[in-house]
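Please treat every number below as a calculation from the coordinates, not as lab data. Small disclaimer: the values here were computed from a predicted structure and weren't measured. Positions of Cβ are generated from backbone atoms using ideal geometry, with glycine treated the same way; all protein chains shown enter the neighbour counts.
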């Protein structure tokens, strides 16, 4: 299973170890809007570029991520994040790879800040909070 990560699971951030036994497939982007919720980001549908990393993960790791993200396949309405299919644009070759990622399933209005460049790691670096969570 391929999964696109864009937040705390990125290399150099606090949850990167969760992917230590997964295969890194490359950097790239998807379409969406990225928001800062404080301790983690939120991905919403949109037309901007959201940058991140693509991994091949085991079913066991994917199930672990579902728990972390509060994804309930049998009750999406109550899920904090919903796992959905997206087109990932591989940076090195411009190849498009169909993968999955997690979209935030709550409103971001009034409780978040848009990350205009769609790059969570760069945003945290500029905020001076890259290693603080």
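What nm value, rounded to one decimal, do you get for the distance between residue 20 and residue 126 when each label is placed 7 Å out toward the C-beta?
Once both label points are built, they end up 3.2 nm from each other.
So what's the back-of-envelope 222 nm ellipticity for the chain, counting only DSSP H runs of four-plus at -39500 (n - 2.57) apiece and dividing by all residues, rounded to 500?
Result for the chain, helices only: -4000 deg cm²/dmol.
Which three extents, in angstrom, do the Cα atoms of segment 31-106 have along their principal axes, listed largest first?
That works out to 37, 28, 21 Å along the principal axes.
May I ask you to derive the FRET efficiency for residue 67 and residue 87 from their Cβ-Cβ distance with R0 = 35 Å, giving the value to the nearest 0.05?
0.85
At 0.36 nm per residue, minus the direct Cα-Cα distance, what do residue 37 and residue 59 gain on full extension? Give it in nm, one decimal, please.
This chain segment gains 5.1 nm when fully extended.
Give the calculated FRET efficiency between residue 74 and residue 45 to the nearest 0.05, with a Förster radius of 25 Å applied to their Cβ-Cβ distance.
0.65
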